[in-house]
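The values are calculated or read from the model by the stated rules, or taken from the named source; none is laboratory data. Quick caveat: nothing in here was measured; it's all calculated off a predicted structure. Cβ coordinates were reconstructed from backbone atoms using ideal geometry, including for glycine residues, and neighbour counts include every protein chain displayed.
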Amino acid sequence: MSLSFPTTALKKPSGLKATSGIKRPAFGALYGFDSSGGDSGGGFTNQYSVSLDGSDDELTIPQGTFNLGSGVFSFSLWFNADSLNAYNTFFNISSSNSLKLATFVSSGGDIYCSNWNYNNIIASSNTINTGTWYHVAFVKSTAGNAGVFKLYLNGNPLTTNTNTMGQGSDFGSEDSTSTIGKTYNASSPHPFDGKIDEFSFWNSALSASQISDIYNSGVPNDISSLSPVGWWRMGDDSNDSATSGGSIATITDSSGNGNDATQSTASQQPAFSAIASSETIYV
């Protein structure tokens, strides 16, 4: 017998408790049941995220995963900040060129997409509260050194179709690993303090409607039909063996391309963070 699940967000009814043989729907998951609730029936669930300490925690992604060059690309992720400093790094893509793609959120709610050469696409003065989940996407929608960038927050475009980087956006090929949660620069690491989830990459320019589909009214969605080149689910791949609070040595690349995110230094390992029934991922 096959089961079908609703395509809208499931709400946890008040006053109900799980009893033997009856499992509550996962709060914050689109399909399936939570890890305390047994068999998911093969559905899509979002149970975990990665928690970074805002000091030295980071994950690294193998050299050669991105090789952005001057082509088009798209990145997508969810974040929930515990605190906000001047710059808080989502990810930093390495490059043999002087231009290196870096993305941040500031304490004032500014969303940055930077070439690390003081050329920034900035979506200013957004309301970013700590302890709240947000979805952000970065799209380079036209190829070339003067390519156009589009930024999105919670499925909504933040920038126009004319945003380019003055000194260019040819990021060349990678000369080292790329990072999640910190920059590559030890003197300016700008670490992220909080949780990051469902980080994904395409070597194509996603449309506004596709970004809206990923945002999915605030509930992480199954994006496999969009064929991401890299997809780090931060604990929800069956190979991640996640337990809440457990240190992270490896996050599986769920795209199937084998570019797992890793951290071999124990003191720099982030931790798995369970998305609890009391914590909303709706934004």
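For segment 109-168, the set of residues classified as farther than 26 Å from SER51 by Cα, buried (at least 18 other Cβ atoms within 10 Å of the Cβ) and of a type in the set (A, V, I, L, M, F, W, C) consists of ILE121, VAL148, PHE149, LEU158, MET165, listed by residue number.
Which of the residues belonging to segment 170-201 are of a type in the set (Gly, Ala, Ser) and within 28 Å of SER224 (Cα to Cα)? Of everything in segment 170-201, those that are of a type in the set (Gly, Ala, Ser) and within 28 Å of SER224 (Cα to Cα) turn out to be GLY172, SER173, SER176, SER178, GLY181, GLY194, SER200. Here THR60 meets each of (1) modelled with pLDDT under 95; (2) of a type in the set (Ser, Thr, Tyr); (3) not in a loop (DSSP other than H, G, I, E, B) with one exception, condition (1).
For segment 175-197, taking the residues that are among the charged types (D, E, K, R) and crowded, with 21+ Cβ neighbours inside 10 Å, the one that is farthest from ALA86 (Cα to Cα) is identified as ASP197.
Only residues in segment 85-101 that are closer than 16 Å to ALA261 by Cβ count as the first member; pair them with residues that are among the hydroxyl-bearing types (Ser, Thr, Tyr) and assigned to a loop (DSSP other than H, G, I, E, B), Cβ under 7 angstrom, at least 6 apart or cross-chain, and list the lot. If the second residue must be among the hydroxyl-bearing types (Ser, Thr, Tyr) and assigned to a loop (DSSP other than H, G, I, E, B), the pairs left are THR89/THR183; ASN92/THR183; ASN92/TYR184; SER94/SER176; SER94/THR177; SER94/TYR184. Per the listing SER241, SER273, the residue uniquely in a loop (DSSP other than H, G, I, E, B) and either free of Cβ contacts under 8 Å to residues at least 40 places away in the same chain or in contact with a strand residue (DSSP E or B) (Cβ under 8 Å, 6 or more places away or on another chain) (or both) is SER241.
Filtered by the rule that a residue be part of a strand (DSSP E or B) and of a type outside the set (Gly, Ala, Ser), segment 180-199 gives ILE180, ASP193, LYS195, ILE196, ASP197, GLU198, PHE199. For segment 200-218, the set of residues classified as in a loop (DSSP other than H, G, I, E, B) and surrounded by 21 or more Cβ atoms within 10 Å (Cβ to Cβ) consists of LEU206 only. Residue by residue through segment 103-113, note down the ones that are touching a residue at least 40 places away in the same chain (Cβ under 8 Å) and polar (S, T, N, Q). Correct list: empty.
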